[in-house]
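**Q** Submitted below is the structure of interest, expressed as structure tokens.
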Amino acid sequence: MKKDRIIAAAMLTFLPFCTEARQVMTLQECRDSAAANNRSLKMAGQEIVIAEYGKRAARANYFPDISINAGYMYNTRDIDLIGQERSEKLTNAGNALQGALAEGIGNLLADPETGSIIMNSPEMMKLLGKLSETDVAGPANAIGAELNDALHLDISNMFLGTVSLRQPVFMGGKIVAADKAAALAGDLAESRYETEYRAVISEVDRVYWQTVSLSEKLQLAREYDALLRQLLDDAEKMAAAGIATEADVLAVKVKANEAAMMLTKAENGVSLSRMLLCRICGMDLNTDIELADEGLDRLQMPQAVPEMSNDEIFSSRPEIRSLELAAEIYDRKTAIARADMIPHVALTANYILSNPNVYNGFRNDFGGTFNVGVTVSIPIIHGCSARQKVNKAKAEAVLTRYRIEDAKETISLQVSRLRMQHDEALKKLAMAGSNLDSAEENLRTARIGFTEGTVPANTVMQAQTAWMQAHSEYIDAGIELQMCASDLAIAEGRAPVPGTAAHE
């Protein structure tokens, strides 16, 4: 049959839907839009940002740790270094001294020998008189009170401030291992982002080609509907001319109604598939889009690529890369755990400021001092917890390497299966194309025979049904080939790598 006639009939049917311009999107544009709006991909991108901050935090451990601390304390009682009883004795020491002096003079005069000597000497009597008149209690009490105040520490308001600096010198390799582990964690976040990105690409490709398939089948349904309407018109004219029977007309009408119902279902299917694609791409569900691969007479064949070796596939798959990075991170964790069993050395420097001033008689003013030193921490035993942490990290690293080997075997099987499916899809497409050519020729011959009255209407409808089935199988084979090519590209690690725009 002539394709021009079919296309013209389909365009007349499709004309009401083309009154507004559609947004044409290619497969890559759909991928980019989905990558820019996918929430899972945004979360994976945020994990990269978090890992970057983790790297900076680990790198900061190489530099000195400087801190400032300050404190204030109010006390309801002061400190008395000699006690209440001794404090009272010290305060009254002058009175006791004055009494002891008077008692001593009295004892001298009361003694017969010394008393007679003193009484017979005017100079001694004058000296004793002056001694008894001397005020010893006042100055001695003042000295005692001053000493008592010095021994009574005022701590009602205490202020303390310190500026500390600590510079690690040797931490058993813990800082270096933590820095490398943080860098590996950043690479792991990048690898996981790429894995998520390829999952998004796979979903976009599936829905994109599903939409193309439904769109092509919608076009096929329109052409089939147009053919049956034309056949119904021809049957009615031939019945009026007496060439065909009313039974032929009714049979064609039933098929025409079935084709109209099939067309309605196809239109609804395409609308839902477009809405799903819009949702994945982060667009409004009612956005009127058209895919670049719709309406083509023949789908573009995927480009042939050389077969990749297993080593090339493993190096390209982000899943393997993630597991390898995880194994390296566990190796670093082993080194970090082992560092807790090794002595640590650090330089320290402090400036201490206090009030009361302990460096100036505990006076109520600010005073400080500066000191430097070296600290050495030597772990002895902590219930062997550090050793168990080392063993745990080693076991986790071994487990991860087992997972790598298992993943490689799974990927090898997956790639082999997809390659066979790809080859089968190529053969199926070639066979479907040959069947479509035969069905088109059969339909053309049947229509000519029906027009000439040599072929009944049932034969024409059977030819149309066979043509539609062959065309549908051709569309399915083409879409299956596209999906196999997309799945194989992802399995072999040839899928697009996310760029800067995707990270943003």
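**Q** Keeping all protein chains in position, work out how much accessible area residue 451 exposes to a 1.4 Å probe, and write it in Å² to the nearest 10.
**A** 100 Å²
**Q** Still on this structure: What does the accessible area per residue of segment 169-256 come to in Å², with a 1.4 Å probe and no ligands, DNA or RNA counted?
**A** Averaged over the residues of segment 169-256, the accessible area is 40 Å².
**Q** No solvent, one uniform scatterer per C-alpha: report log10 I(q)/I(0) for segment 326-466 via the Debye equation at q = 0.18, 0.20 1/Å, two decimals.
**A** At q = 0.18, 0.20 Å⁻¹ the computed log10 ratios are -1.05, -1.12.
**Q** Using 0.36 nm per residue, how much length does the chain from residue 412 to residue 392 gain when fully extended, once their Cα-Cα distance is taken away?
**A** Extra length from residue 412 to residue 392 when fully extended: 4.2 nm.
**Q** Also, I was wondering about something else. Which of the pairs 55/389; 217/428; 55/408; 174/394; 217/253; 217/255 have their Cα atoms more than 25 Å apart in this structure?
**A** Violating the 25 Å limit, Cα to Cα: 55/408.
**Q** Right, next: Which three extents, in whole angstrom, do the alpha-carbon atoms of segment 172-247 cover along their principal axes, largest first?
**A** Principal extents (largest minus smallest coordinate, Cα): 104, 15, 8 Å.
**Q** I've got another one for you. Taking the alpha-carbon set of segment 254-372, what are its Rg and Dmax in Å?
**A** In Å, with Rg to one decimal and Dmax whole: 36.8, 116.
**Q** Hey, another quick one. Scaled to the compact-protein estimate 2.2 N^0.38 Å, what is the alpha-carbon radius of gyration of segment 311-352, rounded to two decimal places?
**A** 2.10
**Q** Return the carbon/sulfur percentage of the accessible area of segment 166-221, one whole number, probe 1.4 Å, all protein chains in place.
**A** That fraction is 54 percent.
**Q** Could you run the Karplus curve 6.51 cos²θ - 1.76 cosθ + 1.60 with θ = phi - 60° over segment 311-322 and give me ³J(HN,Hα) per residue in whole Hz, x for Gly and Pro?
**A** The phi angles translate into 5, 5, 5, 5, 6, 8, 7, x, 5, 5, 4, 5 Hz.
**Q** Okay, next question. Could you pull out every residue, at least 5 positions away or on a different chain, whose amide H is within less than 5 Å of the one on residue 363? Hs are placed 1.01 Å off N in the peptide plane, and Pro or chain starts have none.
**A** 357
**Q** Keeping every protein chain present and rolling a 1.4 Å probe, give me the accessible area per residue for segment 340-477 in Å².
**A** Counting only protein heavy atoms, the per-residue value for segment 340-477 is 60 Å².
**Q** Whole-Hz ³J(HN,Hα) for each residue in segment 225-242, computed from phi via Karplus 6.51 cos²θ - 1.76 cosθ + 1.60 with θ = phi - 60°, x for glycine and proline: what do you get?
**A** 5, 5, 5, 5, 5, 5, 5, 5, 5, 5, 5, 5, 5, 6, 5, 5, 8, x
**Q** Each residue of segment 331-344 in turn: what ³J(HN,Hα) in whole Hz from Karplus with 6.51, -1.76, 1.60 and θ = phi - 60°, glycine and Pro shown as x?
**A** So the J values, rounded to whole Hz, are 4, 5, 5, 4, 5, 5, 5, 5, 5, 5, 9, 10, x, 10.
The values are calculated or read from the model by the stated rules, or taken from the named source; none is laboratory data. What you see is a predicted model; the values in this text were computed from it and never measured. Calculation scope for accessible area: heavy atoms of the full protein, side chains included, ligands and nucleic acids excluded. Shrake-Rupley method; radii C 1.70, N 1.55, O 1.52, S 1.80 Å.
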